[in-house]
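Colleague: Below you'll find the structure I mean.
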Amino acid sequence: MSEKFDVIVVGAGPAGTACSLACARQGLNVLLIERGEYPGAKNVMGGVLYRQQMEELIPEFWKEAPLERPVVEQRFWMMDKESVVSFGYKGLEWAVEPYNNFTVLRAKFDQWFANKAVEAGALLINETVVTECIVENGQVIGVRTDRPDGDVYADVVVLADGVNSLLSKQLGFHKEFRPDEVALTVMEVINLPKEKINDRFNLADNQGCTIEIFGDSTKGNLGTAFLYTNKESLNIGVGTTLSSMIKAKLKPYELLDYLKNHPMVSPLIAGGESAEYLAHLIPEGGFHSVPKVAGNGVVVVGDAAQLVNAIHREGSNMAMHSGLLAAEAIIEAKKRGDYSESSLNSYREALYNSFIIKDLEKYKDAAHTFEKYPQYFKEYVPMMNQAASKFFTVDGTPKRDKQKQIIKNMTAERGTLRVLQDIYRAWKAVK
Amino acid sequence: MSTKNIEEKQYLLRFKCDTKSHLTVLDHDICMTQCPDKICTVFCPAEVYKWEGTRMQVGYEGCHECGSCRIGCPYQNIKWEYPKGGHGIVFRLA
């Protein structure tokens, strides 16, 4: 198949499919290559899809897309061994159109989404691995696949090949990632009847709840756990940076079982039946880890460009938006007939002017700070729990004395100055 | 029932196995002589790597293709490729 396309997109995840869809709609000749049996077969996420960036591509997609539940409540747990300090927000404005975000199961969703690109005119080829970019005189002119006679050519190659992005590494856009730039996350889908989910999470039909869990969920290591409600199943998962996993010698599946058996969690999943177990890396290096995203005849989108905001659990939306920005740049480049790096750099500019890089820039030091100073997860979460327990236990101590005791305990453990330093450092990392 | 260990978790999955491994330990001597922790046997989420006294057993058939071993190996001693198109793990849900 030595055919030439306008655009070859490698990877039918949210970024690649979004880019294919937007290019195909403008009449470009698009080849979308997926290595899995179908789009979604290799793709994993915790499960939250934000509405805004998806709607830019497919207005009112919720009327036809295979979604699980619109999320109406987001809870945050600071969990200790036998206690939890929780806060959150539930709002019924999220229960009606246009919604804020949804839980989704990716294998279903990605197939549906890729089919939208196909309907718009993109050619989707599954079960095909792109083994390398074909480079001629410094210009990417196509890709080599693992099919017989598998070289294919295009004006632009879009690398949407996910977190591992061997292809952008081949081009020298980034070095191998360090273990502190990626989070290893494992999860299970656990089937549970709809009525049980509604009762346990205080939900009506077609309402969802997400819980992010910090502290003992990762045994105090840098990372989070999550519990999300699908229609008739729960997604429960936990991840830490790979470096934390290595340092603490954690087996990820044992951490997952520890979470499932935790007394704050186990009643919510009791009686459920495991349906799938999934492991995946999340690119969490943030701003400093974003590689070169445009070269001669090539752009990089989605996880492959490390576009994940770990603090706000945003990734698939950034992937889609980056795919759309790349498509717009490619369409402009085609008008100019110029596929050089300087021409495709309009994608880089658009990306850096968008919420994506602005958000990553805001949190550029967060992961590093929390990795370097483990006290936030290891010490403050238990301290918060002890303080809450003390404050809410009625034992005849006047409240003002209780407050004094709580502050005294905190500063006694870490020292007043260090506590102030910790607060300042954390504020600086996320301000 | 909800799973209790890695064997039960892996049993939930569908794999379309290739006959050839997409993961290669480049030098088993490095594992033996320089890597007392053999940390890949710990963090691999699918327990693909098992140390067998003198060499690293690679159960590539159960690999989730996450990439952790490639990045996490302290000696960059693992050659990591994707399985042949259409092969390897097939996620059906999330």
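Colleague: Give a quick list of trypsin sites (Lys or Arg not before Pro) in the stretch A:10-109 that DSSP marks as loop, anything other than H, G, I, E or B, with at most 13 other Cβ atoms within 10 Å.
Modeller: A:81
Colleague: Still on this structure: Please compare each pair in A:90/A:219; A:358/A:428; A:116/A:292; A:81/A:399 to a cut-off of 18 Å on the Cα-Cα distance and tell me which ones are over it.
Modeller: A:90/A:219; A:116/A:292; A:81/A:399
Colleague: Continuing with this model, one more query. Taking every eigenvalue of the Cα gyration tensor of the stretch A:179-283, multiplying by 5 and rooting it, what semi-axes result, largest first, whole Å?
Modeller: 26, 13, 12
Colleague: Which whole-angstrom value gives the distance between the alpha carbon centres of the stretch B:25-94 and the stretch A:240-305?
Modeller: So the separation of the two Cα centres works out to 17 Å.
Colleague: Express in whole angstrom the spacing between the alpha-carbon centres of the stretch A:84-142 and the stretch A:185-233.
Modeller: First find each Cα centre; the distance between them is then 22 Å.
Colleague: What's the Cα-based Rg to Rh of the protein assembly as shown, Rh via Kirkwood?
Modeller: Here Rg/Rh amounts to 0.98.
Colleague: Per the helix-only calculation at 222 nm, which mean residue ellipticity applies to the protein assembly as shown, given -39500 (n - 2.57) for every DSSP H run of n ≥ 4 and division by its residues, nearest 500 deg cm²/dmol?
Modeller: -10000 deg cm²/dmol, from helical runs alone.
Colleague: Divide, for the stretch A:304-431, the radius of gyration over alpha carbons by 2.2 N^0.38 Å, where N is the residue count.
Modeller: The reported ratio for this selection is 1.68.
Colleague: Please sort by residue number the GluC sites (Glu not before Pro) in the stretch A:230-295 whose DSSP state is loop and whose Cβ has at most 16 other Cβ atoms within 10 Å.
Modeller: A:232
Colleague: Something else now. Would you mind putting B:77-87, A:291-301, A:183-193, A:156-166 in packing order, based on average other-beta-carbon counts within 10 Å, highest first?
Modeller: So the peptides B:77-87, A:291-301, A:183-193, A:156-166, ranked by packing, come out A:156-166, A:291-301, A:183-193, B:77-87.
Colleague: What lysines does residue B:20 reach when the alpha-carbon gap must be under 23 Å and sequence neighbours fewer than 8 apart in one chain are set aside?
Modeller: A:42, B:50, B:79, B:84
Colleague: Only sites in a loop by DSSP and with at most 13 other Cβ atoms within 10 Å count here; which trypsin sites (Lys or Arg not before Pro) in the stretch A:175-263 make the cut?
Modeller: Loop-located and lightly packed - A:175, A:249.
Colleague: With r defined as the distance between the Cβ atoms of residue A:369 and residue B:38 and R0 fixed at 25 Å, what FRET efficiency is calculated, to the nearest 0.05?
Modeller: According to the calculation, E is roughly 0.20.
Colleague: Enter the mean number of other protein chain beta carbons within 10 Å of the beta carbon of each residue in A:42-51, as an integer.
Modeller: 2
Colleague: Further question: Which three semi-axes in whole Å describe the equivalent ellipsoid of the stretch A:45-179, each the square root of 5 times a Cα gyration tensor eigenvalue, listed largest first?
Modeller: Result for the stretch A:45-179: semi-axes of 38, 22, 13 Å.
Colleague: Just to compare against my own numbers: the Cα pair-distance distribution for the stretch A:105-199, 5 Å bins, whole % per bin, please.
Modeller: 2, 9, 14, 16, 16, 15, 11, 7, 4, 3, 2, 1, 0
Colleague: Work out the P(r) tail for chain B: percent of alpha carbon pairs separated by more than 19 Å, whole number.
Modeller: Roughly 42 percent, rounded to a whole number.
Colleague: On to the next question. Using 1/(1 + (r/R0)^6) with R0 = 25 angstrom and r between the beta carbons of residue A:55 and residue A:26, what's the FRET efficiency to the nearest 0.05?
Modeller: 0.85
Colleague: Roughly how many nanometres apart are two label points built 7 Å out from the Cα toward the Cβ at residue B:79 and residue B:55?
Modeller: In this crude label model, residue B:79 to residue B:55 measures out at 1.5 nm.
We did not get these values from a lab; they are worked out from the coordinates using the rules stated. Since the structure is predicted, the reported quantities are computational estimates derived from the model, not experimental observations. FYI the Cβ positions are ideal-geometry reconstructions off the backbone, even for glycines, and counts take in every protein chain you see.
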